[in-house]
Amino acid sequence: MSTTIKKVASYTLIAIVLAFTVISLLAVWDIISLENVIKKLLTSLFIVFLSSVLVLFIFAVIIKDK
């Protein structure tokens with residue numbers, strides 16, 4: 001019972017992280033201008049990196065198989 005609750009909570013957290021990632025990427029790429037492409041590209045990569053670290057942490061700590 002407790003592992004089921006942990007898995008549901010973990011998948012909910014992952015969905016929230018992915019939703020925030022998509023919203024953040026859409027905010028970064030709102031208006032593309034040629035002089036800001038490198039900055040937006042690096043910011044997007046950083047956002048994707050942070051979200052993948054969070055998802056990996058959730059999988060490693062909360063959804064670990066015994």
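Residue exposure proxy: ILE38, ILE62, ILE47, ordered by other Cβ atoms within 10 angstrom of their Cβ from fewest to most, comes out as ILE38, ILE62, ILE47.
Along each principal axis, taking the top coordinate minus the bottom one, the Cα set of the range 2-62 gives 51, 17, 5 Å in descending order.
Each value in this text was obtained by applying a stated rule to the coordinates, not by laboratory testing. This structure is a prediction, so every number in the text was calculated from the model and none was measured. Backbone-built Cβ (ideal geometry, glycine too); neighbour counts: all protein chains shown.
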